[in-house]
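The values are calculated or read from the model by the stated rules, or taken from the named source; none is laboratory data. No experiment lies behind these values; they were computed from the predicted model shown. A quick note on method: Cβ atoms are made from the backbone with ideal geometry, for glycine too, and the neighbour counts reach across all protein chains shown.
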């Protein structure tokens, strides 16, 4: 009788472990965390005190991306922020608006950018992808945008009145890079 009871307890334990692993895998996603600086901007904006952080969570099914952009220390008002399609040290077209000054005609529902410091957040879905058509991503081509993001060919940047092409930027890296983790151990 003790052997049967042990088998039953072990069987239940294994079933519970497998269920927990299944839930973790099903609900898991990919977290991204990048630091925006003038060093990554093209052309470089080394003298800016501005900096920021872009965080995102790509759902396991990749049907949506939750994101948050925080920035501070801008000397002139922020005009807009985006995710662009482009590799490191190149400029690319806008894929997704993160925030924008209404005079720039951002897509409906785009949050205004806080003037010199603040945080904006949202969820990227199919209708949020605006292009860039000349680079092969048409509006609402969400799968193409996610593929570019996962391949490391997108970047987040923040534009200001002093630097309209962009003041701070961070490449959004692919799964093979370690830069989205804390490097405080070094």
**Asked** Within the bounds of the stretch 69-77, is there any residue that is surrounded by fewer than 14 Cβ atoms within 10 Å (Cβ to Cβ), within 18 Å of the chain's Cα centre (by Cα) and under 19 Å from residue 152 (Cα atoms)?
**Response** no
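Regarding residue 80, is this residue outside any loop (DSSP other than H, G, I, E, B) and within 22 Å of residue 43 (Cα to Cα)? Spell out how you get there, then give the answer.
Numbers: outside any loop (DSSP other than H, G, I, E, B): yes; within 22 Å of residue 43 (Cα to Cα): yes.
When the stated conditions are applied, residue 80 passes them.
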**Complete:** Output for Cβ contacts, cut-off 8 Å, separation at least six or different chains, first residue farther than 18 Å from residue 44 by Cβ in the stretch 158-186, second at pLDDT below 50, reads 173/179; 173/180
**Residue identified as surrounded by fewer than 14 Cβ atoms within 10 Å (Cβ to Cβ), out of contact with any helix residue (DSSP H, G or I) (no Cβ under 7 Å at 6 or more places or on another chain) and assigned to a loop (DSSP other than H, G, I, E, B) among 152, 166, 109, 131** = 109
